[in-house]
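Student: Here's a structure for you.
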Amino acid sequence: MKEEEKEKKHYLRIIIISIILLITLTILYARFVGTTGLVVKEYPIKTDELAPEYDGLKIIHFTDLHYKSTVDINYVKKLVKKINDLKPDIVVFTGDLVEDNVTLDENEVKELTKELDKINPTIETLAVIGNHDYDHDYWNQIVPNLSWRVLDNTYEYVYSNSTTPILFVGFDDLREGTPDYANAFSYLNTDSNDRYTIVLAHEPDQIDEIKGYNYDLYLAGHSHLGQVRVPLIGAIFTPTGSKKYYDEHYKINDTDMYISGGLGTSLLRLRLFNRPSINLYRFYTK
């Protein structure tokens, strides 16, 4: 009987040690492997709402850089090169440029600004602010020195070899800012709502705040797609602002919502089954 008890205890110790080892290896993988690399996720956007000249249009969507989390300047250089190699027509950024609780010196700010300004779409780069961009002043030190057009409760007509534009609408951050939807959609006061319209927002759940407006595509970040994901279960945790919508794609009435998983990390410097990524939307109009 004593031998059996000893054997049981032996197997129990092996099981406990194995579990601890598995957890440790998983954490190490999530910290040092899962946070590296860059995945390009391509999504076809088929629409007859755009002029034929827009067939083949490419929009790159990147978000949640969280610079100085698991992202350093060398990663940014590789990111910018990858974006430019994809030859996008339009680039959009949906917030959280620098991680909170980090300090950048003057040279680091200049270096990050210099690299981001090398993003070179054929038409334009558009951006909206994120909640962590309110945690410090780096957004205001960097973004005004870029050739980016910030949509702060405003809209922008973007043309590409056509007399008919794409309409971009962007909002202030839902959690930390002051969204003004009436102003963002104020073009409706003078323009009919028959343009192909793309909404840029940081938080996915902000889509529920604009149910009374018509638009075709909603692009967001913030959720990191959960950052840590488990097979068959999905996201383990998502922050406020992405509690309802946090996965890659949703169809809400006639609107497609795409959420990018982002590049850096927040809270925990871990990524599991969710490598850093950018989205490429390729438009088909024929």
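Student: Within the range 57-77, which residues are under 11 Å from the mean Cα position of the chain (by Cα), under 18 Å from residue 36 (Cβ atoms) and assigned to a strand (DSSP E or B)?
Tutor: Hit for the range 57-77 is 62, nothing else.
Student: Can you pull out the residues in the range 42-75 that are farther than 17 Å from residue 266 by Cα, touching a helix residue (DSSP H, G or I) at 6+ places or on another chain (Cβ under 7 Å) and crowded, with 20+ Cβ neighbours inside 10 Å?
Tutor: Matches in the range 42-75: 60 only.
Student: Could we say that residue 126 is surrounded by 14 or more Cβ atoms within 10 Å (Cβ to Cβ), in contact (Cβ under 8 Å) with a residue 12 or more places away in the chain, within 21 Å of residue 90 (Cα to Cα) and touching a Lys or Arg at 6+ places or on another chain (Cβ under 8 Å) here?
Tutor: On the way: surrounded by 14 or more Cβ atoms within 10 Å (Cβ to Cβ): yes; in contact (Cβ under 8 Å) with a residue 12 or more places away in the chain: yes; within 21 Å of residue 90 (Cα to Cα): yes; touching a Lys or Arg at 6+ places or on another chain (Cβ under 8 Å): yes.
Yes.
Student: Yes or no: the range 106-115 includes at least one residue that is within 21 Å of residue 201 (Cβ to Cβ), in contact with a helix residue (DSSP H, G or I) (Cβ under 8 Å, 6 or more places away or on another chain) and of a type outside the set (Gly, Ala, Ser).
Tutor: The answer is no, given that none of the residues of the range 106-115 is within 21 Å of residue 201 (Cβ to Cβ), in contact with a helix residue (DSSP H, G or I) (Cβ under 8 Å, 6 or more places away or on another chain) and of a type outside the set (Gly, Ala, Ser).
Student: Sticking with this one: For residue 25, are the conditions met, namely being under 30 Å from residue 226 (Cα atoms), open to solvent by 90 Å² or more (accessible area, probe 1.4 Å), of a type in the set (A, V, I, L, M, F, W, C) and part of a helix (DSSP H, G or I)?
Tutor: Yes.
Student: Another question, if that's okay. Determine if the range 235-258 includes at least one residue that is within 13 Å of the chain's Cα centre (by Cα) and among the acidic types (Asp, Glu).
Tutor: The answer is yes, given that some residue of the range 235-258 is within 13 Å of the chain's Cα centre (by Cα) and among the acidic types (Asp, Glu).
Student: Please count how many residues of the range 32-51 are part of a loop (DSSP other than H, G, I, E, B), touching a residue at least 24 places away in the same chain (Cβ under 8 Å) and within 27 Å of residue 68 (Cα to Cα). Let's see the steps before the verdict.
Tutor: If we filter the range 32-51 for residues that are part of a loop (DSSP other than H, G, I, E, B), which is where we start, we get 33-38, 47-51.
Filter once more, keeping what is touching a residue at least 24 places away in the same chain (Cβ under 8 Å): 34-38, 47-51.
This time we only want the ones that are within 27 Å of residue 68 (Cα to Cα), so: 34-38.
Looking only at that region, the number is 5.
Student: Of everything in the range 155-174 that's within 18 Å of residue 190 (Cβ to Cβ) and of a type in the set (S, T, N, Q), which residue is surrounded by the most Cβ atoms within 10 Å (Cβ to Cβ)?
Tutor: So the residue we want is 164.
Student: Can you name the residue in the range 175-190 that is within 18 Å of residue 157 (Cα to Cα) and part of a loop (DSSP other than H, G, I, E, B) and, of all such residues, is most open to solvent (accessible area, probe 1.4 Å)?
Tutor: So, considering only residues that are within 18 Å of residue 157 (Cα to Cα) and part of a loop (DSSP other than H, G, I, E, B), the one most open to solvent (accessible area, probe 1.4 Å) is 190.
Student: Another one. Given the conditions (1) of a type outside the set (Lys, Arg); (2) part of a helix (DSSP H, G or I); (3) open to solvent by 20 Å² or more (accessible area, probe 1.4 Å), report the number of the one that residue 215 does not fulfil.
Tutor: So residue 215 meets the others, but not (2).
Student: When you go through 80, 33 one by one, which is the residue that is at pLDDT 95 or above and within 30 Å of residue 167 (Cβ to Cβ)?
Tutor: Testing whether each residue is at pLDDT 95 or above and within 30 Å of residue 167 (Cβ to Cβ) leaves just 80.
Student: Give the residues of the range 77-104 that are surrounded by fewer than 20 Cβ atoms within 10 Å (Cβ to Cβ) and of a type in the set (A, V, I, L, M, F, W, C), sorted by residue number.
Tutor: Within the range 77-104, 80, 86, 102, 104 qualify.
Student: Could you run through the range 90-143 and say how many residues are part of a loop (DSSP other than H, G, I, E, B) and on the phi < 0 side of the Ramachandran plot?
Tutor: Residues that pass the stated criteria total 21.
Student: Looking at 286, 211, which one is modelled with pLDDT under 95 and in contact with an Asp or Glu (Cβ under 8 Å, 6 or more places away or on another chain)?
Tutor: None of the other options fit; the residue is 286.
Student: Could you tell me which residue of the range 140-154 is nearest to residue 58 (Cα to Cα), considering only residues that are open to solvent by 10 Å² or more (accessible area, probe 1.4 Å) and among the hydrophobic types (A, V, I, L, M, F, W, C)?
Tutor: Here the residue is 148.
Student: Only one of 131, 120, 107 is exposed (fewer than 14 other Cβ atoms within 10 Å of the Cβ), at pLDDT 95 or above and within 22 Å of residue 69 (Cα to Cα); which?
Tutor: Step by step, each of 131, 120, 107 is checked, and only 107 is exposed (fewer than 14 other Cβ atoms within 10 Å of the Cβ), at pLDDT 95 or above and within 22 Å of residue 69 (Cα to Cα).
The values are calculated or read from the model by the stated rules, or taken from the named source; none is laboratory data. All values derive from a computational prediction rather than experimental measurement. Cβ: placed from backbone, ideal geometry, glycine included. Neighbour counts: every protein chain shown. In case anyone asks, the SASA skips ligands and DNA or RNA and just uses the protein heavy atoms, side chains included. Shrake-Rupley method; radii C 1.70, N 1.55, O 1.52, S 1.80 Å.
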